[in-house]
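Here is the structure we will look at, set down as structure tokens.
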Amino acid sequence: MRHVLVAGTLDTKGEEIRYLTDCLIAAGAIPEVVDIGVVGEPLFSADVPRETIAEHAGESLENLQKAADRGRAVAAMQRGLAAWVRARHKREPLAGMLAIGGSAGTTIATAAMRELPVGVPKLMVSTMASGDTRPYVGITDICMMYSVADFTGLNRLTRTILENAAHAMAGMAGFVSQQKSGNEARPLLAATMFGVTTPCVNLVQHLLQAAGYELLVFHATGTGGLAMEQLVRDGFVEGVLDITTTELADELVGGVLSAGPHRLEACGQKGLPQVISVGALDMVNFAAPETIPDRFGGRRFYPHNPNVTLMRTTPQENRELGRILAEKANAAKGPVTIVLPLRGVSAIDAEGKPFFDPDADRMLFAAIRAGVRDNVKLVEVDAHINDPVFAGVLVQEFRAMIGGIRTHVNA
């Protein structure tokens, strides 16, 4: 039974929600409507009334209406819907969740969507979908569809948008995976990658697949690292090759791709095996050149593309990054190996390349050597991070780690 949760404000968007549910039924899905409105009277009775959602937030609908405080009402319905969806899916798994809304409806509905596991279809049709969607999507697999026009009644455009959304959700909700069960028996690992470490990670993936593993690769853009670590916490993967730890540099220096202060901690806390390297710690990320803060005037920059500008980390910053990385590795409850590429940490950190800075790299490596404790295996490879030999060592060390080898090695 393809039960699809449909969320929206039935006082302001009841006509559109009713049309959406009719389209879902016609497509073979079973809609379950949740009302997240507060102020006006709903156009029709929902399967899950607004009073229930308010109660899950510890509020009463009557008090929210009397307060006449939009901010309070949105926050309450956001908390309430998230709590209700979490409990609903635990009780009986949903086939998907579909919602429509403006800024408030999108805020409320996507908070609930983020409570659903990765893989459960989530589609948000929103007037906010053409801008910065990170506050709504976070690190989940929410699909956002721009509504083009606002939802102020049905017309030839909104009907088309809603029909497309309903059929998209019905298709996702009714999809039966064709993945072979044999693939699910392969150990699932995670790795981090940047454009400047792609040759390394691609070869690592090839070597691991040949050895019987399956590898998820995450783009180390802040949200990428956060998404990987959430999957680690959720028990989705069995080990990590954290090759590209560049997000640490953005957190330290103030770039735009930080994954926050707790990056590189989830795997250690779970006690999973992990191989760590220093990929792209030679750079901090900014947007277009005109967006770079004035305090970085005089630094070394490299235009990666018109929307991404890279800044070389200094020897002092590298020393601190090495200390941070070693400290996080030391705290791991499971086996951990750090592998250092002594001839450069990114595609543009090599002799003749824009970010080649042996002094900065030496500071990074020295701080790691000085900071690691006996529970961390340290491997130093006289190669560049994108040299094939380095990828081979990463895979060799991960497989050796499973066998329990714990010594200092110079390769």
**Message:** How charged is the neighbourhood of GLY392? Take every other residue with its Cβ under 14 Å from the Cβ of GLY392, and add Lys/Arg as +1 and Asp/Glu as -1.
**Reply:** -2
**Prompt:** Using the Cα gyration tensor of segment 322-400, with a ≥ b ≥ c the square roots of its eigenvalues, what is the shape: rounded (a/c below 1.5), prolate (a/b larger than b/c) or oblate (neither)?
**Reply:** oblate
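Compute the relative contact order of segment 181-410 as a whole-number percentage, counting only Cα pairs closer than 8 Å that sit 6 or more residues apart in sequence.
20
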**Fill in**
Amide H neighbours of LEU216 at under 5 Å, excluding residues fewer than 5 places away on the same chain, with H built from the backbone geometry, are LEU189, ALA190, ALA191
**Request:** Mind jotting down the distance between the C-alpha centroids of segment 359-396 and segment 89-114, whole Å?
**Result:** 44
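Determine the sum of side-chain charges near ALA266: Lys and Arg each +1, Asp and Glu each -1, restricted to other residues whose C-beta is under 14 angstrom from that of ALA266. Mind showing how you got there, number by number?
On the way: positive: ARG233, ARG263, LYS270, LYS328, LYS333; negative: GLU229, ASP234, GLU238, ASP242, GLU247, GLU265.
Overall, the nearby charge balance is -1.
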**Prompt:** In whole percent, what relative contact order does the chain give with Cα contacts below 8 Å and a gap of six or more residues?
**Reply:** 11
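When the helices in the chain are scored as -39500 (n - 2.57) per DSSP H run of 4 or longer and the sum is shared across all residues, what 222 nm value do you end up with, to the nearest 500 deg cm²/dmol?
-12500 deg cm²/dmol
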**Item:** Sequence-distant residues sharing a close amide H with ALA129 (under 5 Å, placed H)
**Value:** SER147
**Request:** Give me the lysines in straight-line cross-link reach of LYS90: C-alpha distance below 20 Å, same-chain residues under 8 apart excluded.
**Result:** LYS122
**Message:** Let me understand the chain better: what is its radius of gyration from the alpha carbons, and its Dmax, in angstrom?
**Reply:** 24.6, 72
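What does the C-alpha gyration tensor say about the overall shape of segment 233-388? Classify as rounded when a/c is under 1.5, otherwise prolate if a/b is larger than b/c, or oblate.
Details: a/c = 1.90, a/b = 1.47, b/c = 1.30.
In terms of gyration-tensor shape, prolate.
Using only alpha carbon pairs under 8 Å that are at least six residues apart, calculate the relative contact order of segment 3-174 and give it in whole percent. Before the final figure, lay out each step's value.
Values: 323 pairs, mean separation 42.6, N = 172.
Dividing the mean separation by the residue count of segment 3-174 yields 25 percent.
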**Request:** Would you list which lysines come within 16 Å of LYS328, measuring only between C-alpha atoms, while excluding same-chain residues fewer than 8 positions from it?
**Result:** LYS270, LYS377
**Complete:** Residue-ordered couplings for segment 196-201, obtained by feeding phi - 60° into the Karplus form 6.51 cos²θ - 1.76 cosθ + 1.60 and rounding to whole Hz (Gly and Pro as x), are 7, 10, 4, x, 5, 5
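Each value in this text was obtained by applying a stated rule to the coordinates, not by laboratory testing. Everything numeric in this text was worked out from a predicted model, so none of it was measured. We place every Cβ from the backbone using ideal geometry, glycine too, and count neighbours over all the protein chains shown.
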